[in-house]
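To start, the structure under review is shown below, and the notes come after it.
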Amino acid sequence: MKQQILIFFKAFTNSFKDILPIIFVIAFFQFAVLQQPMPNIMDIIIGMFLVILGLTFFIYGLEMGLFPLGESMARAFAKKGNIWWLLTFAFCLGFGTTVAEPALIAVAKEAANVASEGGIIQSSEVEQLKYANGLRYTVAFAVGLAIVIGVLRIIRGWPIHYLIFIGYVLVVLMTAVAPTWIIGIAYDSGGVTTSTITVPLVTALGVGLASAVKGRNPMIDGFGLIAFASLTPIIFVMIYGMVIT
């Protein structure tokens, strides 16, 4: 118990150090540039404390549960020797974590509101919900497919730079033909996809699989899944925009 408290306190201290630069930046511009007192100082202090506490619990939870879980499941599927179950698991992991991604939910909702105001879709709650869900599931499918490609790359030993190059060529080509109103949303979707839920589990999957597959180096082959997960949603969201136009 004492050891767990010490580990948690260390995690809390590290989280505080991570947040400290943000505190300095805000304080500098508030007092030195704007030269104004900090509004609602007690609320800000309490809020900062809750942010640090939440970040501590999040990182502590990743190290305790998600990283070991992802790695152990990847090793178990690799030892099972059935590539189809492994690919199915990879797709479901990518799809499920992306659908639950808070950042993607927020972006999809905001995109639906703007699309409604811009006349892209009808100004009704049903249409906005339909648009937002369509965007989320499109991104989730793209991420699931990206994780499948990444897993195949680890198993087959394909060079990552060739796949990334092909992906960005497709992005450029799609940008040239996609509706202009969907391009910004597509690029942002690629960024928000790889966030708090997706990154830890997908990273653990890649490292665990590379550790279990003979001839693969976890440092060289275990990483790179996140790059695919950021790239494919851009392509698929632009396709989504072309379909609904």
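Exactly one condition in (1) of a type outside the set (Phe, Trp, Tyr); (2) surrounded by 14 or more Cβ atoms within 10 Å (Cβ to Cβ); (3) in contact (Cβ under 8 Å) with a residue 60 or more places away in the chain; (4) more than 18 Å from Leu87 (Cα to Cα) is false for Ala204; which is it?
So the condition that Ala204 fails would be (4).
State all residues of region 69-98 that are at pLDDT below 90 and within 20 Å of Met238 (Cβ to Cβ); if no residue qualifies, say none.
Gly94, Thr98
Rundown of residues vs (1) in contact with a Pro (Cβ under 8 Å, 6 or more places away or on another chain); (2) assigned to a helix (DSSP H, G or I); (3) within 27 Å of Thr88 (Cα to Cα), yes/no style:
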site: Gly134; (1), (2), (3): no, yes, yes
site: Arg153; (1), (2), (3): no, yes, yes
site: His161; (1), (2), (3): no, yes, yes
site: Ala176; (1), (2), (3): no, yes, no
site: Ile183; (1), (2), (3): no, yes, no
site: Met219; (1), (2), (3): no, yes, yes
site: Phe223; (1), (2), (3): no, no, yes
site: Ile226; (1), (2), (3): no, yes, yes
site: Thr232; (1), (2), (3): no, yes, yes
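I'm told Ala140 meets every condition in (1) part of a helix (DSSP H, G or I); (2) open to solvent by 30 Å² or more (accessible area, probe 1.4 Å); (3) closer than 20 Å to Tyr240 by Cα; (4) of a type outside the set (Phe, Trp, Tyr) except one. Can you identify the failing condition by its number?
Among (1) part of a helix (DSSP H, G or I); (2) open to solvent by 30 Å² or more (accessible area, probe 1.4 Å); (3) closer than 20 Å to Tyr240 by Cα; (4) of a type outside the set (Phe, Trp, Tyr), the lone unmet condition for Ala140 is (2).
Answer yes or no as to whether Lys10 is basic (Lys, Arg), farther than 29 Å from Leu145 by Cβ and assigned to a helix (DSSP H, G or I).
Details: basic (Lys, Arg): yes; farther than 29 Å from Leu145 by Cβ: yes; assigned to a helix (DSSP H, G or I): yes.
Here the answer is yes, as Lys10 does meet what is asked.
Show the residue pairs that are 6+ apart or on different chains and have beta-carbon atoms under 8 Å apart, the first residue being within region 167-190 and open to solvent by 40 Å² or more (accessible area, probe 1.4 Å), the second being outside any helix (DSSP H, G or I).
Trp181/Gly118; Trp181/Ile120
Considering only residues that are small (Gly, Ala, Ser) and closer than 21 Å to Met64 by Cα, which ones fall in region 1-50? Quick ask: steps written out before the conclusion?
So the first thing to find is which residues in region 1-50 are small (Gly, Ala, Ser), and the list is 11, 15, 27, 32, 47.
Passing the criteria: Ala11, Ser15.
The values are calculated or read from the model by the stated rules, or taken from the named source; none is laboratory data. All values derive from a computational prediction rather than experimental measurement. Here the Cβ is made from the backbone with ideal geometry for all residues, glycine too, and neighbour counts use every protein chain on show. Note: areas computed on protein heavy atoms with side chains; ligands, DNA, RNA excluded. Shrake-Rupley method; radii C 1.70, N 1.55, O 1.52, S 1.80 Å.
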